[in-house]
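Have a look at the structure below before the remarks.
The values are calculated or read from the model by the stated rules, or taken from the named source; none is laboratory data. The model shown is predicted, which means the values in this text are computed figures rather than measured ones. Neighbour counts run over all protein chains shown; Cβ positions are idealised from the backbone, glycine included. Accessible surface is based on the protein model in full, side chains and every heavy atom, while ligands, DNA and RNA are left aside. Shrake-Rupley method; radii C 1.70, N 1.55, O 1.52, S 1.80 Å.
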Amino acid sequence: MPKDLCTPGMFQPPRPEPIIPSAPRYEFTCTVRRRDTYGREYVTSTPASVFATTIDEATDKLRDAFGAKYDDFRKFWSHSVLIESVKEVR
């Protein structure tokens, strides 16, 4: 068996990840309201808070968290998100 099994540079430390400036993050304070089966009225409303970079991301996160479904026949979401306040988080 040869003595030099390791080639130069084989055990180099991993390169550090490049520092990429991140987008500002916000805390969205919202109320998530669930509609009835036909979308005519709100059945329940629940306060919620989520960290996201955009309003669309906040809405998507809350819809996922509450299990919202889109009704293709009646053309509405089972839950709606009412944004009450936005605060920048550092």
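Amide H neighbours of Phe76 under 5 Å, at least 5 residues apart or on other chains, H built in the peptide plane: list them.
Asp71
Size of the dipole of region 45-90 about the Cα centre, Lys and Arg at +1 and Asp and Glu at -1 on the beta carbon, nothing else charged, in debye to 20? List each step's numbers first, then the result.
Working: 7 positive and 8 negative charges, 18 e Å.
Here region 45-90 has a charge dipole of around 80 debye.
Can you order the peptides 71-80, 58-67 by their average number of other Cβ atoms within 10 Å per residue, highest first? Show your work: numbers first, answer last.
Working: 71-80: 13.2, 58-67: 16.2.
Highest-to-lowest ranking by the protection proxy: 58-67, 71-80.
Could you order peptides 24-31, 38-45 by the average number of other Cβ atoms within 10 Å of their residues, highest first?
Put in order of decreasing packing, that is 24-31, 38-45.
Keeping all protein chains in place, calculate the accessible area per residue for region 44-90 (probe 1.4 angstrom), answer in Å². The partial results should precede the final answer.
Working: 3390 Å² over 47 residues.
Solvent-accessible surface per residue comes out at 72 Å².
Could you list the square roots of 5 times each eigenvalue of the Cα gyration tensor of region 35-90, that is, the equivalent ellipsoid semi-axes, sorted largest first and rounded to whole Å?
Details: eigenvalues 114, 30, 15 Å².
The equivalent ellipsoid of region 35-90 has semi-axes of 24, 12, 9 Å.
Along the Cα→Cβ direction, 7 angstrom out, place labels at Asp36 and Lys61. What is the inter-label distance in nm?
If labels sit at Asp36 and Lys61, their model points lie 3.3 nm apart.
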